[in-house]
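Notes follow once the structure below has been shown.
The values are calculated or read from the model by the stated rules, or taken from the named source; none is laboratory data. Because the structure is a prediction, the values reported are computed rather than measured. Reconstructed Cβ throughout: ideal geometry from the backbone, glycine too, with neighbour counts over all protein chains shown.
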Amino acid sequence: MQVPILDLKAQFDSYKEEVMRAIGKVCESQAFALGPAVAEFEEKIAEYCGCKCAIGVSSGTDALLVSLMALGVSAGDEVITTPFTFFATAGCVARLGARPVFVDVDGDSYNIDANLIEEKVTSRTRAIIPVHLFGQVAAMKPIMEIAARHNLAVVEDAAQSIGATQDGVMCGNLGDCGCFSFYPSKNLSAFGDGGLVVTNDEKLAERIRILRNHGQNPQYFYGVIGGNFRLDGIQGAVLGVKLGYLEKWNGQRRRHAALYDRLLAGSPVKTPKIDSNNVSVYHQYTIRAPDRDGLQRRLSENKVGSAVFYPKPLHLQDCFGKLGYSEGDLPVAERLCGEVLSLPIYPELSEPQVEYVARMVLEFYGSS
Ligand SMILES: *Cc1c(COP(=O)(O)O)cnc(C)c1O
């Protein structure tokens with residue numbers, strides 16, 4: 001049996017005709033930059049997220065960048081975030097001349113440890129970016145309390161977590177704004193790059209809408225310096241169709257996760273822990289595994305795909321050398337980088353495939 005880490009083609013077959021019709025409509029209209037397909041998608045996804053405003057942008061990275069710009073983060077500011085995330089979370093902070101301040105993560109949720117945030121707040125701190133990693137929302141209640149005490153903005157990096165909830169509330173509604181990515185491997189994905197900012201703050205939404213198009217307002221007059229962060233019309237059309245399937249796909253991911261949980265219980269690997277107030281959308285099913293590299297090799301020999309998210313924490317990346325971190329500073333994140341392994345969890349997996357992957361894991365440890 002063969003189980004790739006991700007199989008986008010298996011999904012494509014299920015909505016092919018519908019999406020090709022929607023793309024055809026955009027081609028007929030020739031409205032390729034923003035346009036009605038994007039506006040329609042924004043309306044639909046705002047409703048899905050239970051948010052007042054949704055602004056389609058060019059990528060998840062640009063969603064973060066334009067959010068920080070709209071919140072006024074600039075040179076000399078400090079922004080608190082996690083070192084155990086995709087690069088863009090901290091890259092955007094540094095691109096604005098601000099300083100990423102990394103706070104260690106919790107070894108169960110893999111998300112920022114809220115207990116360690118407040119001691120890192122200084123007079124220069126402007127914002128916190130919690131990341132909802134692998135489909136699970138970070139502990140937002142303590143984070144929002146800290147932000148309120150120190151007057152900080154909170155940007156949720158929800159790139160991996162569209163549809164995930166905490167205490168019944170969709171992520172994206174928990175901070176000042178939420179950023180989603182529609183990169184092809186994400187739970188809701190475009191046919192290329194795309195992203196979105198959601199917010200309940202209409203003034204913030206308006207600033208983001210203006211910044212998305214170079215800061216232009218009205219046409220050819222620029223009050224602020226923005227960029228080209230526009231979402232393509234074709235991507236809006238694709239996303240509008242695929243959004244209709246998202247709940248079903250996230251449900252399938254949760255079923256696979258529950259099966260993995262059951263099959264791997266009592267084995268040497270640590271399965272993902274989801275807080276009781278969270279509903280995860282399992283962007284990844286990430287275990288902590290003894291002899292992780294040996295396990296990954298064995299899986300690969302048996303045609304099972306897997307991936308290491310992430311092999312090196314951000315505070316130790318060469319490009320952030322000037323920040324002055326060294327090994328041992330953020331021990332939980334550093335340890336996770338040597339132990340984590342993500343197993344196949346995409347919606348179209350069959351039950352026998354999940355069982356096969358679990359069996360290969362158990363056999364590696366001689367505990368089948
Ligand atoms: C994917 C991702 C991003 C960036 O999104 P792009 O659409 O690839 O630019 C940012 N943060 C996290 C946590 C991500 O997983």
Of the criteria (1) buried (at least 19 other Cβ atoms within 10 Å of the Cβ); (2) in contact with a Lys or Arg (Cβ under 6 Å, 6 or more places away or on another chain), which one Glu339 fails: (1)
Glu156 being free of Cβ contacts under 8 Å to residues at least 40 places away in the same chain, acidic (Asp, Glu) and within 16 Å of the ligand (Cβ to nearest atom): yes
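To keep it simple, each residue is scored yes or no on (1) within 26 Å of Val224 (Cα to Cα); (2) in contact with a Lys or Arg (Cβ under 6 Å, 6 or more places away or on another chain).
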{"site": "Ser67", "(1), (2)": "yes, no"}
{"site": "Thr85", "(1), (2)": "no, no"}
{"site": "Ala98", "(1), (2)": "yes, no"}
{"site": "Phe102", "(1), (2)": "no, no"}
{"site": "Asp108", "(1), (2)": "no, yes"}
Among (1) more than 22 Å from Ser267 (Cβ to Cβ); (2) in contact with a strand residue (DSSP E or B) (Cβ under 8 Å, 6 or more places away or on another chain), the one test that Tyr356 misses: (1)
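Looking at the structure I just gave you, is Glu247 out of contact with any Gly (no Cβ under 9 Å at 6 or more places or on another chain) and modelled with pLDDT of 95 or more? Reasoning before the result, please.
Numbers: out of contact with any Gly (no Cβ under 9 Å at 6 or more places or on another chain): no; modelled with pLDDT of 95 or more: yes.
Spelling it out, it is not the case that Glu247 is out of contact with any Gly (no Cβ under 9 Å at 6 or more places or on another chain) and modelled with pLDDT of 95 or more.
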Criterion violated by Ser109 - all others in (1) farther than 18 Å from Glu339 by Cα; (2) within 15 Å of the ligand (Cβ to nearest atom); (3) out of contact with any helix residue (DSSP H, G or I) (no Cβ under 7 Å at 6 or more places or on another chain) satisfied: (1)
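Among the listed residues Ala114, Ala147, Ala88, Ala98, identify the single one that is crowded, with 20+ Cβ neighbours inside 10 Å, at pLDDT 95 or above, more than 16 Å from the ligand (Cβ to nearest atom) and closer than 17 Å to Asp62 by Cα.
Details: Ala114 fails: closer than 17 Å to Asp62 by Cα; Ala147 fails: closer than 17 Å to Asp62 by Cα; Ala88 fails: more than 16 Å from the ligand (Cβ to nearest atom).
It is Ala98.
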Flag if Tyr183 is within 16 Å of the ligand (Cβ to nearest atom) and under 21 Å from Gly236 (Cα atoms): yes
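Residues checked against (1) surrounded by 19 or more Cβ atoms within 10 Å (Cβ to Cβ); (2) in the same structural domain as Ala90 (by TED's automatic domain parsing):
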{"site": "Gln2", "(1), (2)": "no, no"}
{"site": "Gly24", "(1), (2)": "no, yes"}
{"site": "Phe41", "(1), (2)": "yes, yes"}
{"site": "Cys51", "(1), (2)": "yes, yes"}
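Take the residues in region 71-85 that are within 15 Å of the ligand (Cβ to nearest atom) and within 22 Å of Thr199 (Cβ to Cβ), then tell me which one is farthest from the chain's Cα centre (by Cα). Show your work before the answer.
Step one: of region 71-85, the residues within 15 Å of the ligand (Cβ to nearest atom) are 79, 81-85.
Subsequent filtering for residues that are within 22 Å of Thr199 (Cβ to Cβ) retains 79, 81-82, 85.
Values: Val79: 18, Thr81: 14, Thr82: 13, Thr85: 9 Å.
For region 71-85, the residue satisfying everything is Val79.
Filter region 236-254 for residues that are more than 18 Å from the chain's Cα centre (by Cα) and part of a helix (DSSP H, G or I) and give the result.
Step one: of region 236-254, the residues more than 18 Å from the chain's Cα centre (by Cα) are 236-238, 240-241, 244-245, 248, 252.
Residues satisfying the conditions are Gly236, Ala237, Val238, Gly240, Val241, Lys248, Gln252.
So how many residues does region 208-217 have that are within 16 Å of Val57 (Cβ to Cβ) and part of a loop (DSSP other than H, G, I, E, B)? Walk me through it before giving the result.
Taking region 208-217 as the starting set, the residues that turn out to be within 16 Å of Val57 (Cβ to Cβ) are 208-216.
Adding the requirement that they be part of a loop (DSSP other than H, G, I, E, B) leaves 214-215.
Qualifying residue count for the region: 2.
Does any residue of region 297-307 turn out to be within 23 Å of Asp157 (Cβ to Cβ) and surrounded by 16 or more Cβ atoms within 10 Å (Cβ to Cβ)? Explain how you work it out, then say what you get.
To start, the set of residues in region 297-307 that are within 23 Å of Asp157 (Cβ to Cβ) comprises 307.
Add one more test, that the residue is surrounded by 16 or more Cβ atoms within 10 Å (Cβ to Cβ), and what stays is 307.
Yes - at least one qualifying residue is present in region 297-307.
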Count of residues meeting criterion [in contact with a His (Cβ under 7 Å, 6 or more places away or on another chain) and either assigned by TED's automatic domain parsing to the domain that holds Pro352 or in a strand (DSSP E or B) (or both)] in region 223-235: 1
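Here is a yes/no grid of residues against (1) at positive phi; (2) surrounded by fewer than 20 Cβ atoms within 10 Å (Cβ to Cβ); (3) assigned to a loop (DSSP other than H, G, I, E, B); (4) hydroxyl-bearing (Ser, Thr, Tyr):
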{"residue": "Val155", "(1), (2), (3), (4)": "no, no, no, no"}
{"residue": "Ile162", "(1), (2), (3), (4)": "no, no, yes, no"}
{"residue": "Gly172", "(1), (2), (3), (4)": "yes, no, yes, no"}
{"residue": "Asp193", "(1), (2), (3), (4)": "no, yes, yes, no"}
{"residue": "Glu206", "(1), (2), (3), (4)": "no, yes, no, no"}
{"residue": "Gln219", "(1), (2), (3), (4)": "no, yes, yes, no"}
